[in-house]
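The values are calculated or read from the model by the stated rules, or taken from the named source; none is laboratory data. Worth saying up front: this structure is predicted, and the values here are computed from it rather than measured. Here the Cβ is made from the backbone with ideal geometry for all residues, glycine too, and neighbour counts use every protein chain on show. Side chains are part of the model used for accessible areas, which takes the heavy atoms of the whole protein and leaves out ligands, DNA and RNA. Shrake-Rupley method; radii C 1.70, N 1.55, O 1.52, S 1.80 Å.
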Amino acid sequence: MGRAAEYDYLAQKRATVTGQYPAAIILSCIDSRAPAEIVMDIPIGDSFNARIAGNLISTEVLGSMEFACAVAGAKVVMVMGHTSCGAIKGAIDKADLGHLTGLVDRIAPAVAETQFLGERTSSNQAFVDEVAKTHVRRTIATIREQSRVLSALENQGKIRVVGSMYHLSGGRVEMLS
């Protein structure tokens, strides 16, 4: 059992009332099995957390990341994908369902870009997970391309932009290069 079982959340909430100084901003998926702050055993007040299906970047998320780093002093931007991601499977299958269609269409380039020998279907878990890794890397590239604020902070050595994959089976967080 992790430290989370030992946390006094009420005390943590009280301790953060007067301000916040999170060390990181984590962009992760909405998957109910992968809440970044719990997965990584991070107490209240130590990380900003943005969650969207498929850990997609948007102008709103970029603005939130810029606030986290340039204003609130976070030192790490982490994009965390996860294994067995439904949004990734939807992109592979070209899901067609209201607003979900536009969301998975934005992940589709990662499907095409993923180098993989073998069955390229959503039923092949190894392929799904490789696409998820490709998508994390593409998201990091997008952050660097679209945010001059974050790019400048990274180039000055004030922040790091990193990628990771959470493995649902076993609970390991793998850092991606």
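Loop-located trypsin sites (Lys or Arg not before Pro) in the stretch 109-172 (DSSP state not H, G, I, E or B) with no more than 16 neighbouring Cβ atoms inside 10 Å: Arg120, Lys158, Arg172. In sequence order, the stretch 140-148 has phi-based couplings of 4, 4, 5, 4, 5, 6, 9, 10, 5 Hz under the Karplus curve 6.51 cos²θ - 1.76 cosθ + 1.60, θ = phi - 60°, and Gly or Pro positions carry x. With a 1.4 Å probe and all protein chains left in place, how much of the accessible area of the stretch 84-156 comes from carbon and sulfur atoms, in whole percent? The nonpolar share, carbon plus sulfur, comes to 50 percent. Every pair of different Cα atoms in the stretch 59-121 enters the Kirkwood calculation, which places the hydrodynamic radius at 14.0 Å. Per residue, the chain exposes an accessible area of 54 Å² to a 1.4 Å probe, with every protein chain left in place. Placing unit charges on the Cβ atoms only, positive for Lys and Arg and negative for Asp and Glu, gives the chain a dipole magnitude near 300 debye about its Cα centre. Placing unit charges on the Cβ atoms of the charged side chains and taking the dipole of the chain about its Cα centre, the candidate lying farthest along the positive direction among Ala74, Thr59, Leu117 is Ala74.
Taking Rh as the Kirkwood radius computed over C-alpha pairs, what is the Stokes-Einstein D of the stretch 79-155 at 10 °C in a medium of viscosity 1.306 mPa s, expressed in µm² per second?
The diffusion coefficient I find is 121 µm²/s.
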